[in-house]
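Please read the structure below before turning to the comments.
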Amino acid sequence: MRPGPPRLGAVTLVAIDGPSGSGKSTLADELAGELGAEIIRTDDFATWDDPVAWWPRLRDGVLHPLAAGRPGSYTRTEWTDGTPGPGAMITVNPPKVLLLEGVSAGRRSVRPLLSALVWREVADPGERLERAVARDGESSRTRLMAWQRFENGWFPVDGTKAAADHRV
């Protein structure tokens, strides 16, 4: 995959979005190696109760400073035994390529800054649920089911899949 030119200052920003359990993290790891990119994961911001409203923390703490050629920073959400809580302070120095991976990474409000939007989806919701449970543990099943219901509303309204430059 070849992203377009930088649109976040000198940073080439690529979003990898799609429903939970579709393999976005694995794809991001592969692309990071291919592109020599840094990765920020939306799981570093989201919680079960706040799947997408955390965006101003990323925008103001990381994206705006990077666009100005300065380092950004944020407090990472740490997931301990399936429970999110405040974690380490992360500094993000301006990279050449930054991958933003996770649910809502390619949201409408960030698209003008993206050099590419990648949509990754496993079509069967049951398979996605089982993959997510295998990743996060059986104790997360009920919350993951609620997360999937949220995604079923979020993606069509945001138009993420239709806006994607690449579908995997």
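Only the coordinates and a few stated rules stand behind these numbers; no lab work does. Because the structure is a prediction, the values reported are computed rather than measured. Note that each Cβ is placed from the backbone with ideal geometry, even for glycine, and that neighbours are counted across all protein chains shown.
Note down the nm distance, to one decimal, between modelled labels 7 Å out along Cα→Cβ at Val168 and at Arg2.
1.8 nm
Dividing the Cα radius of gyration by the Kirkwood radius, what Rg/Rh value follows for the stretch 108-168? Don't skip to the end; give the middle numbers.
Numbers: Rg = 13.5 Å, Rh = 13.0 Å.
Radius of gyration over Kirkwood radius for the stretch 108-168 works out to 1.04.
Can you sort Lys161, Lys24, Lys96 from fewest to most other Cβ atoms within 10 Å of each residue's own Cβ?
Working: Lys161 16, Lys24 27, Lys96 12.
With the sparsest Cβ surroundings first, the list reads Lys96, Lys161, Lys24.
Once you order the gyration tensor axes a ≥ b ≥ c over the Cα atoms, which shape class does the stretch 12-155 get: rounded for a/c under 1.5, otherwise prolate or oblate by comparing a/b with b/c?
Prolate is the answer for the stretch 12-155, as a/c is 1.5 or above and a/b outweighs b/c.
Which of Phe45, Phe150, Phe155 has the fewest other C-beta atoms within 10 Å, and how do the rest follow up to the most?
By the 10 Å Cβ count, ascending: Phe150, Phe155, Phe45.
Normalised by the number of residues in the chain, what is the relative contact order in percent for Cα pairs under 8 Å and 6+ residues apart?
34 percent
Rank by packing, highest mean first: peptides 12-18, 124-130, 82-88, with packing defined as the count of other Cβ atoms within 10 Å averaged across residues.
12-18, 124-130, 82-88
What is the stretch 16-61 by shape, rounded, prolate or oblate, if you read a ≥ b ≥ c off the alpha carbon gyration tensor as root eigenvalues and call it rounded for a/c under 1.5, prolate for a/b larger than b/c, and oblate otherwise?
The shape class here is oblate.
Among Val92, Val157, Val110, whose mean-square fluctuation peaks in a Gaussian network model of the chain (Cα, cutoff 10 Å)?
Of Val92, Val157, Val110, the most mobile in the Gaussian network model is Val157.
Among Ala132, Ala116, Ala53, determine the one that fluctuates most according to a GNM of the chain built with springs between C-alpha atoms less than 10 Å apart.
With Cα springs under 10 Å in the chain, the top fluctuation among Ala132, Ala116, Ala53 is at Ala53.
Please give the helix 141-158 orientation as an angle from the longest Cα principal axis of the chain, in degrees from 0 to 90, rounded to the nearest 10.
So the helix axis and the longest Cα principal axis differ by about 50 degrees.
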